[in-house]
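Taken together, the values in this text are just the output of simple stated rules run on the coordinates, not laboratory data. Predicted model only: the values in this text are computed from it and were never measured. Cβ coordinates were reconstructed from backbone atoms using ideal geometry, including for glycine residues, and neighbour counts include every protein chain displayed.
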Amino acid sequence: MIHKLYVARRERGLYQKDVARKIGIHPQTYHEKETGKKQFTIREGLILAKMFGCTLNDLFQSEDEKESM
């Protein structure tokens, strides 16, 4: 699961189907992507970052990756 994305979505009171609609994908596909079974495209990631007012790194970079920088 992409935990930061899940938290950002829940903090705004959005359901997976709401976010899926905004980025133009099927709700089941969004679920698979949020749970890590599939990858988001760069376009989808950029829309999500804009929607949640953050950067791609904020949503998708793991804590381990941050520490090694």
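Structure notes:
- Highest mobility in the GNM of the chain, judged by mean-square fluctuation with C-alpha springs under 10 Å and restricted to L48, L14, L59, is found for L14.
- In the chain, the calculated helix contribution to ellipticity at 222 nm averages -17500 deg cm²/dmol per residue, counting -39,500 (n - 2.57) for every DSSP H run with n ≥ 4.
- Viscosity 1.002 mPa s, 20 °C: Kirkwood-radius Stokes-Einstein D of the chain over Cα pairs, µm²/s: 176 µm²/s
- Label-point gap, in nm, between H31 and E11 - each point 7 angstrom along Cα→Cβ: 2.5 nm
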